[in-house]
Amino acid sequence: MTFEIEKKGLNNALEMASNAVARKTTNPVLAGIKMHATKDKLHIYATDLQTGFHISLDSKNNDEEFSCVVDQKVFSEIVKTLPDGLIKITYNEILEVESGNSSFKIPTMGAEEFPKVIPDVMGSTLELEKDSILKMIEKVIFCALKDSDPLSKNLNGVYWDFREGGYLTLVASDSYRLALSENKIQEDTIPSSFLLSLKSMEELKIVLSNSKTEKIKLNFDGSRALFHFDDENIELVLNVVDAKYPNYTDIIPQAFKTKMTISNSQFMSSLKRVSIAAGKTEQIKMQIEEDSITFTANSPDVGEATETLPIEKDGEDMLIAYSPRFLREAIEKIETTEIEFNISGDINPTILKPIQDNSYMYIVMPTRWA
């Protein structure tokens, strides 16, 4: 039972499958990938029972059909280190991998123990621009709560909010900050909104980043979201989180005491320099005046730093403090040369956004003065 396959395609497929594999499990088969070789294809499956991944790759010189499960981490590390070109894979209770002068023998598990990965998902189908969805995810995913405690599972993910008029908004929040990215999509088949876990979103991001498909299809049946990458024979099914997402529109400020416009690059450079002095306090103060902003940070272990930049301002002078990391992570996602700061008070939410662009919004809570 032998076939040959190109290293580049196999390595790329294993990378895309990686986050669908169970990270912590008492069932070793879920830490593996299922390989099913047919006449001219190799099918790869991975699942942690919440996320399911399937891809089919062209192969050649297949002499017999077979299925087996192999440890994903071990197999991926081996394939990654092999030279470019054809890899010969032989199955006879164990999996033998050969390329150039290298040969590996890997233990396998029975494919009959592997769960069904891609269930039938019967729902409306929506076509999405791959690059647009990837960019939206990158702009919000960093705000999702990293804690997977069941009590806070509604924040440990990204909310897909489909709205009338043909709009999709992706939202993520850890309760201290919130990122929102919006885009216009086709209007005729808008599904209901759903919440995907952070782990599922990380797997989707990996697949999108590695995919060359320009348009993907989303099929949603109320409990599962199935993403089709037809050009590359990839399917990714994600179970939605059974939890109510907070009404994020309630925390968006409608009135502001201070508005300012500032150079993106200058603000980021000053922020990085001054925040060195913040040390473990993780706080930077901003004194906003008529035409300037002064950054100040200090800590017993590092010392003190101060820097002033020019700004354009409307409204009140303000002394306000933020976590420098929270500011930096948001500004990295803003692509315009200037940033808008809309401040509703020194203890109320602040909105950061690209200049004259409402498709992306970052909301952050100020910190109490240390």
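Before moving on, here are some points about what is shown:
- Residues of the stretch 23-57 classified as among the hydroxyl-bearing types (Ser, Thr, Tyr) and open to solvent by 40 Å² or more (accessible area, probe 1.4 Å), total: 3
- Filtered by the rule that a residue be over 10 Å from Leu198 (Cα atoms) and open to solvent by 40 Å² or more (accessible area, probe 1.4 Å), the stretch 129-153 gives Glu129, Asp131, Lys135, Glu138, Asp149, Pro150, Leu151.
- Residues in the stretch 56-85 that are within 27 Å of the chain's Cα centre (by Cα), within 23 Å of Pro107 (Cβ to Cβ) and of a type outside the set (D, E, K, R): Leu57, Val70, Gln72, Val74, Phe75, Ser76, Ile78, Val79, Thr81.
- Residue within the stretch 243-265 that is surrounded by 17 or more Cβ atoms within 10 Å (Cβ to Cβ), under 30 Å from Asn342 (Cβ atoms) and polar (S, T, N, Q) present: yes
- Hits in the stretch 269-305 - residues which are in contact with a helix residue (DSSP H, G or I) (Cβ under 8 Å, 6 or more places away or on another chain) and surrounded by fewer than 18 Cβ atoms within 10 Å (Cβ to Cβ): Lys272, Glu282, Ser299, Pro300, Asp301, Val302, Gly303, Glu304
- Options Lys39, Lys8; residue that is of a type in the set (D, E, K, R) and modelled with pLDDT under 90: Lys39
- Filter result for Ser175 (hydroxyl-bearing (Ser, Thr, Tyr), over 13 Å from the mean Cα position of the chain (by Cα) and farther than 29 Å from Ser76 by Cβ): yes
- Leading residue by the ranking (nearest to Thr108 (Cα to Cα)) among those in the stretch 1-10 that are open to solvent by 10 Å² or more (accessible area, probe 1.4 Å) and in a strand (DSSP E or B): Thr2
- In the stretch 96-109, the residues that are open to solvent by less than 30 Å² (accessible area, probe 1.4 Å) and in contact (Cβ under 8 Å) with a residue 60 or more places away in the chain: Ser99
- Residue that is nearest to Val97 (Cα to Cα) [pool: residues in the stretch 11-22 that are surrounded by fewer than 23 Cβ atoms within 10 Å (Cβ to Cβ) and touching a residue at least 60 places away in the same chain (Cβ under 8 Å)]: Asn11
- Candidates Glu182, Glu164: the one that is within 18 Å of the chain's Cα centre (by Cα) and more than 29 Å from Ala22 (Cα to Cα) is Glu182.
- Of all residues in the stretch 306-344, those satisfying the criterion of being open to solvent by less than 40 Å² (accessible area, probe 1.4 Å) and closer than 12 Å to Gln283 by Cα are Ile320, Ala321, Tyr322, Ser323, Pro324, Phe326, Leu327.
- Count of residues meeting criterion [at pLDDT 95 or above and of a type in the set (Lys, Arg)] in the stretch 274-310: 1
- Scan the stretch 154-193 for residues that are open to solvent by 10 Å² or more (accessible area, probe 1.4 Å), under 21 Å from Ser359 (Cβ atoms), of a type outside the set (D, E, K, R) and without any contact (Cβ under 8 Å) to a residue 60 or more places away in the chain and the total you get is 5.
- Some residue of the stretch 65-79 being surrounded by 19 or more Cβ atoms within 10 Å (Cβ to Cβ), closer than 27 Å to Val237 by Cβ, hydroxyl-bearing (Ser, Thr, Tyr) and at pLDDT 95 or above: yes
- Exclusive hit being closer than 30 Å to Lys8 by Cα, out of contact with any helix residue (DSSP H, G or I) (no Cβ under 9 Å at 6 or more places or on another chain) and not charged (D, E, K, R), set Ser152, Ser192, Ser197: Ser197
- Long-range neighbours under 6 Å by Cβ, at least six apart or interchain, first residue under 15 Å from Phe229 (Cβ atoms) within the stretch 45-56, second open to solvent by less than 30 Å² (accessible area, probe 1.4 Å) and among the basic types (Lys, Arg): none
- Pick from the stretch 351-370, criterion part of a strand (DSSP E or B) and touching a residue at least 60 places away in the same chain (Cβ under 8 Å), ranking: farthest from Lys285 (Cα to Cα): Tyr360
- Inside the stretch 209-250, residues that are assigned to a strand (DSSP E or B) and among the basic types (Lys, Arg) make up a count of 3.
- The residue list Lys212, Lys217, Lys205 contains one member that is under 19 Å from Ile137 (Cα atoms) and either crowded, with 21+ Cβ neighbours inside 10 Å or under 17 Å from the mean Cα position of the chain (by Cα) (or both), which is Lys205.
- Among the candidates Thr281, Thr249, residue that is of a type in the set (Val, Ile, Thr) and over 25 Å from Lys139 (Cβ atoms): Thr281
The values are calculated or read from the model by the stated rules, or taken from the named source; none is laboratory data. A quick note: this is a predicted structure, and the numbers were derived from the prediction, not measured. Heads up, the Cβs are rebuilt from the backbone with ideal geometry, glycines too, and the neighbour counts pull from every protein chain shown. Ligands, DNA and RNA are stripped out before the accessible areas are found, and what is left, the full protein with its side chains, is counted by its heavy atoms. Shrake-Rupley method; radii C 1.70, N 1.55, O 1.52, S 1.80 Å.
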